1. So the check is Cβ under 7 Å with 6+ separation or different chains; which pairs have a first residue in the stretch 135-146 that's on the phi > 0 side of the Ramachandran plot and part of a helix (DSSP H, G or I) and a second one that's aromatic (Phe, Trp, Tyr) and open to solvent by less than 60 Å² (accessible area, probe 1.4 Å)?
2. Taking Asn118 as meeting all but one of (1) within 23 Å of Ala79 (Cβ to Cβ); (2) open to solvent by less than 50 Å² (accessible area, probe 1.4 Å); (3) touching a residue at least 40 places away in the same chain (Cβ under 8 Å), write down the number of the exception.
3. When you check Gly183 against the structure, is it within 15 Å of Ile81 (Cβ to Cβ) and part of a loop (DSSP other than H, G, I, E, B), yes or no?
4. I'm checking my understanding of the structure. Among residues of the stretch 186-199 that are of a type outside the set (A, V, I, L, M) and over 24 Å from Ala83 (Cα atoms), which one is nearest to the chain's Cα centre (by Cα)?
5. Report yes if Asn150 is exposed (fewer than 15 other Cβ atoms within 10 Å of the Cβ), within 31 Å of the chain's Cα centre (by Cα) and in a helix (DSSP H, G or I), otherwise no.
6. Can Arg125 be described as touching a residue at least 40 places away in the same chain (Cβ under 8 Å), within 18 Å of the chain's Cα centre (by Cα), in a helix (DSSP H, G or I) and surrounded by 13 or more Cβ atoms within 10 Å (Cβ to Cβ)?
Amino acid sequence: MNRRVAPALLTSWLLLVTLTLAAQRSGQSAIIRHTKDGYSTQVGTPLTGMHELQVAQRFITSERAFNAFFMSEFDFWDARILADYWDLNIRNSKLNIGRKLIRNQQNGTLDLAINSLNSQVRRAREQYLRSVRYGNPSTYALYLEYYTYNDARRLAQLWNNGNASPRQIAEAKYAIDRGLALGNYDFIEASLKRARQMD
C-alpha cells in the first residue's frame with residue numbers, strides 16, 4: 001500500500017508546485033529596487049507572499065570607514081579589545097566599526113548600531129578578562145604589547161608611596177592590563193605621567 005501512495009503524493013505535490021509557479025506573472029514575481037546603500041529585491045509567491053531580500057550593499061571605502069571610526073565615540077582600546085573578540089587585526093577591527101556605523105547611519109538606525117557595538121565591547125572585555133590569570137604575566141596581552149617593566153615599576157612606586165617590591169610591580173602589571181581591558185587608558189597614562197615626573 002505504501003508503495004502506491006508515496007508516488008501518488010509525490011506526483012500531486014509536484015503538480016501543485018508546478019501550477020503555483022505557472023500561475024505567477026513573471027513581471028510581478030521579482031522587483032529589483034536600488035537604494036542609496038545597496039540593492040534589494042522583492043520576491044513574491046502566492047504561497048509565501050512578498051519578501052524583501054538584500055542582494056548587495058554598496059562598498060564603503062577604507063577611508064570613509066576609518067573617518068567614521070575616528071569621529072565616533074569608540075577609541076583604539078575598543079578596537080583592540082574587539083579585534084580579539086572578532087578574531088581580526090586592529091586595522092580591520094577599526095574598519096569593521098566604521099562600516100557598521102556608516103551602514104546604520106544610512107539606514108537610520110545609528111543608535112542601535114552604537115548600542116550593539118557597546119554591548120559587543122562589554123562582551124569582548126569580559127571574554128578578555130576571563131583569559132587573564134593573576135600572577136601569570138604571560139596572559140597580560142595588553143600590558144605586554146604596549147607597556148614595559150619600567151612602566152609597571154613606576155606605577156608601583158606611585159601607588160605605594162615610593163616603594164616597589166617585586167609583588168607590587170606584579171600587581172601593577174596586572175592593574176595596567178586590567179585597566180586597559182576596561183577602557184581606563186587615560187587613567188593609566190595620567191598616572192604614568194605623574195610617576196615619570198617623580199623620577
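1. From the stretch 135-146, no pairs qualify.
2. If we test Asn118 against (1) within 23 Å of Ala79 (Cβ to Cβ); (2) open to solvent by less than 50 Å² (accessible area, probe 1.4 Å); (3) touching a residue at least 40 places away in the same chain (Cβ under 8 Å), just (3) comes out false.
3. Values: within 15 Å of Ile81 (Cβ to Cβ): yes; part of a loop (DSSP other than H, G, I, E, B): yes.
Yes: the conditions hold for Gly183.
4. We begin by selecting, within the stretch 186-199, every residue of a type outside the set (A, V, I, L, M); these are 186-187, 189, 191, 193-194, 196-197, 199.
Restricting the remaining residues to those that are over 24 Å from Ala83 (Cα atoms) gives 191, 193-194, 196-197, 199.
Details: Ser191: 30, Lys193: 32, Arg194: 34, Arg196: 36, Gln197: 38, Asp199: 40 Å.
Only one residue tops the list, namely Ser191.
5. Values: exposed (fewer than 15 other Cβ atoms within 10 Å of the Cβ): yes; within 31 Å of the chain's Cα centre (by Cα): no; in a helix (DSSP H, G or I): yes.
It is false that Asn150 is exposed (fewer than 15 other Cβ atoms within 10 Å of the Cβ), within 31 Å of the chain's Cα centre (by Cα) and in a helix (DSSP H, G or I).
6. Numbers: touching a residue at least 40 places away in the same chain (Cβ under 8 Å): yes; within 18 Å of the chain's Cα centre (by Cα): yes; in a helix (DSSP H, G or I): yes; surrounded by 13 or more Cβ atoms within 10 Å (Cβ to Cβ): yes.
Here the answer is yes, as Arg125 does meet what is asked.
Yes/no per residue for (1) open to solvent by 30 Å² or more (accessible area, probe 1.4 Å); (2) hydroxyl-bearing (Ser, Thr, Tyr); (3) part of a helix (DSSP H, G or I):
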{"site": "Glu73", "(1), (2), (3)": "yes, no, no"}
{"site": "Ala79", "(1), (2), (3)": "no, no, yes"}
{"site": "Ala83", "(1), (2), (3)": "no, no, yes"}
{"site": "Leu88", "(1), (2), (3)": "yes, no, no"}
{"site": "Asn92", "(1), (2), (3)": "yes, no, yes"}
{"site": "Asn96", "(1), (2), (3)": "yes, no, yes"}
{"site": "Gln105", "(1), (2), (3)": "yes, no, yes"}
{"site": "Asp111", "(1), (2), (3)": "yes, no, yes"}
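The values are calculated or read from the model by the stated rules, or taken from the named source; none is laboratory data. All figures in this text were calculated on a predicted structure; none of them were measured in a lab. Heads up, the Cβs are rebuilt from the backbone with ideal geometry, glycines too, and the neighbour counts pull from every protein chain shown. Calculation scope for accessible area: heavy atoms of the full protein, side chains included, ligands and nucleic acids excluded. Shrake-Rupley method; radii C 1.70, N 1.55, O 1.52, S 1.80 Å.
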